[in-house]
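Single-structure report; data block below.
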Amino acid sequence: MTTEIPLFRIAVGLLINIIMGVVAWRAGAVRKSGLEVGILLGTCIFVGVGWQGFMILVTFFVLGSVLTRMGYAQKRELGTAEEQEGARGASHALANAGFATAFAILYWFLRDPVWLLAFVAAFATASMDTAGSELGPLFSRRTISLKNLKPVPPGTEGGVSLEGTVAGVVAAGFVAIIAAFLFLIPMTHVGLVIAGALAGNLYEGMLGARRLLSHAWLNATNTLVGAGFAVFLAVLFF
């Protein structure tokens, strides 16, 4: 167990996050509240997992920003576009990266690779959710509700489509493969991460269709479910 406070690492992480956060803010990718919370979470991730973990955060953020801007005018007409041109606020940062940050901190203290797997799976789950919700409305031919398997308009809470699901799996796999190349997880665990992302998004779709939790809580807890399922599979098979 590590208890030493890494002051130099904190300083470096804080500086990097401030610089990148301000760039993202000036580019319109985040709001002021998202900038402030993002700096805090990003610094914790940098301290807990190092630059490799920070690169996973950057990968998720850049991927999400690109997908949000893609076909924004069309999504706005459909009523599925993110507000304020997709600029993320504090609630978005906490929902998508809150549990991943907790896993990063736990890894710093405990040094157990299981927390790295949970960290990667949480971001892969969030990436799958973002890709599905941003690309699904643009390309899906048929969206169904997980509540009753009946057709619903694109963007409906709890609605899924084949196209959105495939896009989400690709996004989750992309994050997992980058994590493997950065030696955060073994390449053999890429499939576990993707399976966790699928489980987390299935959970979100089923609860979302029944409106059992708010959208922000669904986004947050689906990363927890995705991470937990990936860890469960790792314990079961490795």
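Key figures
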item	result
Region 7-237, dipole about Cα centre (Lys/Arg Cβ +1, Asp/Glu Cβ -1), debye to the nearest 20	180 debye
Mean separation of Cα contacts under 8 Å (6+ apart) over length of the chain, as relative contact order %	20 percent
Burial order of peptide ranges 206-218, 28-40 (average beta-carbon count within 10 Å, highest first)	28-40, 206-218
Globularity index of region 7-237, i.e. its alpha-carbon radius of gyration over 2.2 N^0.38 Å	0.97
Gaussian network model of the chain, Cα within-10 Å springs - most flexible of Phe123, Phe183, Phe103	Phe183
Degrees between helix 90-110 axis and first principal axis of the chain (Cα, 0 to 90, nearest 10)	40 degrees
In degrees, nearest ten, helix 190-209 long axis to first principal axis of the chain (Cα)	50 degrees
Positive dipole terminus of region 7-237, leading residue within Asn96, Leu198, Pro154 (C-beta point charges)	Pro154
Long-range HN-HN contacts of Val152 with modeled amide H, under 5 Å	Thr143, Ile144, Ser145
Separation in nanometres of the label points that stand 7 Å from Cα toward Cβ, at Ile18 and Leu212	4.4 nm
C-alpha long axis of helix 32-49 to longest principal axis of the chain, angle in °	50 degrees
Distant-in-sequence amide H partners of Gly89 (H built 1.01 Å from N, under 5 Å)	Arg31
Mean Cβ neighbour count within 10 Å, used as a protection proxy, ranking 174-181, 65-72 highest first	174-181, 65-72
Cβ-based charge dipole, the chain, positive-most Cα from Cys44, Phe139, Val170	Phe139
Distance from region 102-169 to region 2-47 (C-alpha centre basis), Å	24 Å
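Only the coordinates and a few stated rules stand behind these numbers; no lab work does. A quick note: this is a predicted structure, and the numbers were derived from the prediction, not measured. FYI the Cβ positions are ideal-geometry reconstructions off the backbone, even for glycines, and counts take in every protein chain you see.
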